[in-house]
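Beneath this line is the structure, given in structure tokens, with notes to follow.
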Amino acid sequence: MARISADFSSRVISLIIVVQLTACASQTATRLYDNREGIFHIVRSGETLFRIGKTYNLSHEELARINGIRDPNQIRVGQRLFIPGARRELPAETVTPTEITRDPTASGDSIEPVQGRFIWPVLGAINSGYGHRGSSFHDGIDISAEEGMPIKAIDNGEVIYSDELRGYGNMVIVRHANGIVSVYAHNQNNLVRTGQTVTQGEVVANVGSTGRVTGPHLHFEIRQNNVSQDPLRYLPPLCCRSSFDMVTPKNDH
């Protein structure tokens with residue numbers, strides 16, 4: 001009987017220690033972040049620090065520094081990452097592609113067009129193309145257009161995201177057949193909701209200047225199997241003027 005009582009007491013003491021340590025860790029985290037506005041992002045399978053940072057418009061280096069992570073490659077599923085300035089948790093696996101930089105010219109590969117299936121989301125001059133832009137990489141194209149112009153779905157599909165995203169403003173993401181996803185950002189307003197089915201040519205938003213921009217335009221992306229692609233490989237040639245009516249690239253998304 002004495003032995004059972006001793007074992008029980010030992011378990012109770014161990015439980016008290018665990019509770020105290022958990023409370024201590026929670027208080028430490030609260031003291032660390034209590035003067036900063038933000039949220040905690042829970043790491044999910046397939047997410048990397050780079051993808052999470054891009055989702056919240058932060059560099060992965062800054063995100064690692066904020067959270068005391070020495071090796072950015074060592075994050076685990078279920079880990080809580082503090083995101084300063086964020087108001088709600090976002091689905092990184094939907095918002096951000098797995099790979100940002102697929103540049104066939106870097107390895108000398110030829111770029112074969114895969115046109116014929118899609119339509120242009122809006123007609124206008126391209127003021128920033130796909131690819132390297134200074135020290136960063138632009139994973140879409142910016143199409144200059146007047147504020148309020150209708151933005152059309154490039155093909156039939158399902159809306160998998162329709163909300164605001166820091167830096168990108170109002171954004172719509174549509175999933176199409178064969179692993180293709182299209183992205184429409186800086187919209188004046190979104191006209192579709194998450195889960196909605198759309199048809200090719202249906203208006204999903206209006207051209208705007210929300211997010212980090214210097215003027216109204218559409219930031220447009222195409223991803224295949226969650227890897228960013230050059231949209232001009234997929235869009236049909238414009239009949240009346242060159243699609244590469246380029247001007248000086250801006251630092252907009």
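Just name the residue that is surrounded by the fewest Cβ atoms within 10 Å (Cβ to Cβ) out of those in the range 172-202 that are part of a loop (DSSP other than H, G, I, E, B) and among the polar types (S, T, N, Q).
Here the answer is Thr199.
The set of residues in the range 100-133 that are modelled with pLDDT of 70 or more, part of a loop (DSSP other than H, G, I, E, B) and within 27 Å of Thr48 (Cβ to Cβ) comprises Gly129, Tyr130. Looking at the range 203-253, which of its residues are surrounded by fewer than 17 Cβ atoms within 10 Å (Cβ to Cβ), under 17 Å from Gly129 (Cβ atoms) and at pLDDT below 60? Passing the criteria: Arg241, Ser242, Phe244, Asp245, Met246, Val247, Thr248, Pro249, Lys250, Asn251.
If the condition is being without any contact (Cβ under 8 Å) to a residue 24 or more places away in the chain, closer than 12 Å to His41 by Cβ and outside any loop (DSSP other than H, G, I, E, B), then the range 60-99 contributes Leu63, Ile66. Please determine whether any residue of the range 182-196 is aliphatic (A, V, I, L, M), within 19 Å of Ser228 (Cβ to Cβ) and assigned by TED's automatic domain parsing to the domain that holds Ser228. Within the range 182-196, one or more residues are aliphatic (A, V, I, L, M), within 19 Å of Ser228 (Cβ to Cβ) and assigned by TED's automatic domain parsing to the domain that holds Ser228.
Residues in the range 117-174 that are among the hydroxyl-bearing types (Ser, Thr, Tyr) and free of Cβ contacts under 8 Å to residues at least 60 places away in the same chain were compared, and the one that is farthest from Pro236 (Cα to Cα) is Ser135.
The values are calculated or read from the model by the stated rules, or taken from the named source; none is laboratory data. Just so it is clear, the model here is predicted, and its values are computed rather than measured. Using ideal geometry, Cβ is built from the backbone for each residue, glycine included, and neighbour counts are taken over all protein chains shown.
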